[in-house]
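First comes the structure, then the notes that go with it.
The values are calculated or read from the model by the stated rules, or taken from the named source; none is laboratory data. Values in this document were obtained by computation on a predicted structure and should not be read as measured data. Because the Cβ atoms are built from the backbone with ideal geometry, glycine has one as well, and the counts that use them run over all protein chains shown. Each accessible area value is taken on the protein alone, full model and side chains, heavy atoms only, with ligands, DNA and RNA left out. Shrake-Rupley method; radii C 1.70, N 1.55, O 1.52, S 1.80 Å.
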Amino acid sequence: MYTTLHTYLTDNILTITINRPDKLNALNKTVMSELGEVVSEIYVNKDIKGAILTGAGSKAFVAGADISEFQGLSASEGEDLARRGQEIFARIESSPKPIIAAVNGFALGGGCELAMACHIRLCTPNARLGQPEVNLGLIPGYGGTQRLTRIIGKGKALELMLTGRMADAQEALQIGLVNYIIDPDELLTKCREMLAIIGEKAPLAIAKIIECANIAAEGGAEDGFLYEQESFGECFGTEDMKEGATAFLEKRKPRFTGK
Ligand code: COA
């Protein structure tokens, strides 16, 4: 179905592998368009409760946008490229179902931006993350100036973006760019375990938490508090909330149905 992605669905978890290992899984036009398609699949397919994004091979998650496609682009074509990329990554970030980045090596430029659009990031010890666009006379264009600043703070984000330096896995963990460092042979298992835990919760609550956190990260403090109030209220209108509270009081595990 896809030419640059390998996907498989098991236990309600869709694992998506970007499959251009000879080019360190660089994001060319086809990868970007197929990422757009697979994100739509995550939204609409009721069998999918969460997803994992990773890169083929043991060297790279994604080493950036495909630099060979940059040559000869005009200013307006460059802007269009950034707009399309940002739209796709925004859909990942806004997905009502959790998406975990399994960062199995280099996550540079668009690769770091892709990982940051995901809700949670786990990486292997050999991972290197950064925004080296400045080395090409460029700036991050798939949301990196915004998401990196939100995730790790302005001071550290500016240092990484202005120098183009890569952070190793330990530093990425220390600055909050990744959640955990996991051995390569355990990486997908750990992602699946995390998604299985999330998958046991009420889907509406999960979607609302993602939405509210996204509003917070966008700096919408007042709107965010209001949105949280409304969303909290909406949860009270669900069968799942009633089931959750009843199960707690009856000292049993809740059985959420998504209603
Ligand atoms: N776009 C296009 N091709 C890329 C790429 C990218 N972002 N990143 C790597 N590749 C290709 C290389 O051109 C090379 O292809 P080739 O074998 O046909 O020559 C192949 O992937 C392997 O990469 P190579 O550079 O030989 O590996 P390395 O181990 O020496 O270096 C990196 C690894 C990640 C440090 C290096 O590839 C790199 O700096 N990549 C670009 C990172 C970047 O600037 N990303 C932001 C883009 S906006």
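Ignoring ligands, DNA and RNA, what accessible area per residue does the range 116-172 give at 1.4 Å, in Å²? Don't skip to the end; give the middle numbers.
Details: 2440 Å² over 57 residues.
In whole numbers, the range 116-172 has 43 Å² accessible per residue.
Considering only DSSP beta bridges with both partners in the chain, what is the antiparallel share in %, to the nearest 5?
Values: 8 of 29 bridges.
If we restrict to bridges inside the chain, about 30 percent are antiparallel.
May I ask you to derive the relative contact order of the chain, considering only C-alpha pairs under 8 Å and at least 6 residues apart, and to give it as an integer percent?
Computed over the chain, the figure is 15 percent.
Report the label-to-label distance for residue 43 and residue 226 in nanometres (one decimal), using points 7 Å from each Cα along the Cα→Cβ vector.
Going by the 7 Å Cα→Cβ label model, 2.5 nm.
Take residue 170 and residue 91, extend 7 Å from each Cα along the Cα→Cβ direction, and tell me the distance between the two endpoints in nm.
Here the answer is 4.0 nm between the modelled labels.
Between the helical axis of 75-93 and the dominant principal axis of the chain, each derived from Cα atoms, what acute angle in degrees is found, rounded to the nearest 10?
The angle comes out near 30 degrees.
Can you give the helix-only mean residue ellipticity at 222 nm for the chain, where every DSSP H stretch with n ≥ 4 adds -39500 (n - 2.57) and the sum goes over all residues, rounded to the nearest 500 deg cm²/dmol?
Rounded to the nearest 500, it is -15000 deg cm²/dmol.
Relative contact order of the range 99-211: what whole-number percent is it, with Cα pairs under 8 angstrom and at least 6 residues apart?
Worked out over the range 99-211, it gives 29 percent.
Does anyone have the angle between helix 203-217 and the longest principal axis of the chain? Alpha-carbon axes, 0 to 90°, nearest 10?
Result, in degrees: 50.
How far is helix 29-44 tilted, in degrees, relative to the longest principal axis of the Cα atoms in the chain, given as a value from 0 to 90 rounded to the nearest 10?
For helix 29-44, the angle is close to 0 degrees.
Can you compute the equivalent ellipsoid semi-axes for the range 1-73, i.e. the square root of 5 times each eigenvalue of the Cα gyration tensor, sorted largest first and rounded to whole Å?
Square roots of five times the eigenvalues give 24, 14, 8 Å.
With bins 5 Å wide starting at 0, give me the P(r) of the chain over every alpha carbon pair, in whole percents.
That works out to 1, 6, 13, 17, 18, 17, 12, 8, 5, 2, 1, 0, 0, 0, in percent per bin.
At 10 °C and 1.306 mPa s, what whole-number value in µm²/s does Stokes-Einstein give for the translational diffusion of the range 203-249, with Rh from the Kirkwood sum over Cα pairs?
Using the Kirkwood radius from Cα pairs, D works out to 141 µm²/s.
In the structure displayed, which of 59/201; 29/201; 46/208; 59/208; 29/208 lie more than 26 Å apart, Cα to Cα?
Where the Cα-Cα span goes over 26 Å, the pairs concerned are 59/201; 29/201; 59/208; 29/208.
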